[in-house]
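Asker: Here it is, the structure in full.
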Amino acid sequence: MSEVRLIPLGVGEAFTARYYTTCLALGVDGAWLLIECPHPIRKMLREATAEAGFPFDLDRVEGVAVSHLHADHCSGLEDYGYYTYYVLGHRARIAMHPDVSARLWNGLLAGGMGEVRERPGEPVVRKQLDDYFTLTSLSESGPVAVGPFAIECRPTIHPVPTTAFRIRAGGRTLAFSADTAFDPTLIDWLAAADLVVHEATTLVHTGVHTPYEKLAALPAALRARMRLVHYPRRLRPRLERHRAAPPGTRLHRLTPDPGGLPDTQGGWWSRPRDPGAQAHVPGSRGRDHQPPKPLPKTARGKRNGDIANPSGRRPGAVAVPPRSG
Ligand SMILES: [Zn+2]
Ligand SMILES: [Zn+2]
């Protein structure tokens with residue numbers, strides 16, 4: 001059976017001062033797909049994949065699936081395009097719905113990539129999207145292949161054209177909500193997957209993002225297959241308080257376990273820290289390792305003080321198990 005893995009490169013929302021913004025790497029049999037492409041994408045890849053024990057760079061990436069053109073999701077596309085073109089010697093693949101890509105070049109990338117003067121004194125050369133990129137158009141009517149990944153998409157409720165994804169690879173399906181207001185019909189669509197990664201917010205703009213409380217009220221069987229991303233730092237106190245909730249509604253972070261989802265008490269996932277800060281996180285192996293600080297009462301016994309990580313183990317690549325039941 002194929003080995004399917006998910007490595008979170010960033011979990012923060014747009015305004016986060018603590019995390020990289022939301023980005024995931026989905027891998028099957030050595031091929032990788034990025035879901036979203038924020039800046040600084042190569043630094044994010046290097047840190048997260050090394051920590052996960054599967055280090056790789058953009059040369060192993062088949063393509064990036066991008067949900068929409070807000071900067072916290074796509075600000076790394078210029079780096080991805082230039083690096084792939086000039087260093088790797090080929091065009092970078094982007095997978096997007098046509099409504100999302102309609103303004104990709106003129107509304108986003110052309111400012112930094114549209115006119116190039118290779119050397120001082122030489123004339124400016126005008127470039128187009130397909131000089132650097134191969135654009136794969138996703139469809140609402142069926143899956144579209146990017147290497148070994150079959151990608152389905154569906155519009156979400158967000159201020160700019162945005163699509164959620166269901167991505168099938170190696171016999172498993174990962175669903176990604178992208179940015180969206182709470183939408184029960186979208187939840188139903190996502191729920192067909194083996195693992196659902198959904199955004200969550202504490203912001204009051206609920207017409208734009210999904211309040212955490214809405215997700216916490218979903219059926220336990222679905223929550224067990226759902227993980228959270230795109231959250232602000234101040235979601236953490238809510239995670240803390242939620243610890244008092246009955247089993248099945250508690251929050252947990254996925255930890256490395258090739259045997260499947262290791263957390264069995266609710267299955268929510270948060271990644272509490274920026275990979276860039278790993279050297280300062282108790283329990284990590286960085287040279288700047290510091291001894292653990294005293295923990296708050298509610299987190300006693302958890303080495304990093306994070307109730308989302310009951311085992312205290314380091315996060316990393318997560319095996320995506322087949323859906324059971
Ligand atoms: Zn966002
Ligand atoms: Zn957005």
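Values quoted throughout were computed directly from the atomic coordinates according to the rules given, and no laboratory measurement underlies them. Just so it is clear, the structure is predicted and the values come from calculations on it, not from any experiment. Glycine also receives a Cβ, built like all others from the backbone with ideal geometry; neighbour counts cover every protein chain displayed.
Asker: What does the charge count near Ser67 come to, summing +1 for each Lys or Arg and -1 for each Asp or Glu among other residues with Cβ under 13 Å from its Cβ?
Answerer: -4
Asker: Next question. If we count every other residue with Cβ under 10 angstrom of Val116's Cβ, Lys/Arg +1 and Asp/Glu -1, where does the sum land? Kindly include the intermediate steps, with their values, before the conclusion.
Answerer: Numbers: positive: Arg117, Arg126, Lys127; negative: Glu115, Glu118, Glu122, Asp131.
Surrounding charge for Val116 is -1.
Asker: If you find the alpha carbon centre of the range 57-98 and of the range 122-160, how far apart are they in angstrom?
Answerer: 9
Asker: Another question, if that's okay. Classify the range 1-101 as rounded, prolate or oblate from the Cα gyration tensor: take a ≥ b ≥ c as the square roots of its eigenvalues, call it rounded if a/c is under 1.5, otherwise prolate when a/b beats b/c and oblate if not. Each step should come with its number before you reach the end.
Answerer: Working: a/c = 1.37, a/b = 1.09, b/c = 1.26.
It comes out rounded by the Cα gyration axes.
Asker: Filter the chymotrypsin sites (Phe, Trp or Tyr not before Pro) in the range 1-67 to those in DSSP coil with at most 13 other Cβ atoms within 10 Å of their Cβ, and list the result.
Answerer: Details: sites: Phe15, Tyr19, Tyr20, Trp32, Phe56; in loops: Phe15, Tyr19, Tyr20, Phe56.
Taking the range 1-67 and a limit of 13 other Cβ atoms within 10 Å, the loop chymotrypsin sites (Phe, Trp or Tyr not before Pro) found are Phe15.
Asker: Next up: Quick one: check the C-alpha center-to-center distance for the range 212-234 versus the range 101-116, whole angstrom.
Answerer: The range 212-234 and the range 101-116 have Cα centres separated by 35 Å.
Asker: Also: Can you list which of the GluC sites (Glu not before Pro) found in the range 64-160 are DSSP loop residues with at most 14 other C-beta atoms within 10 Å?
Answerer: Details: sites: Glu78, Glu115, Glu118, Glu140, Glu152; in loops: Glu118, Glu140.
When the GluC sites (Glu not before Pro) of the range 64-160 are filtered for loop state and at most 14 Cβ neighbours within 10 Å, Glu118, Glu140 remain.
Asker: Something else: Which of Ser75, Val197, His97 sits closest to the plus end of the dipole of the range 4-233, meaning its Cα is farthest towards the positive end, when Lys and Arg get +1 and Asp and Glu get -1 on the C-beta?
Answerer: Ranked along the dipole, the leading option is Val197.
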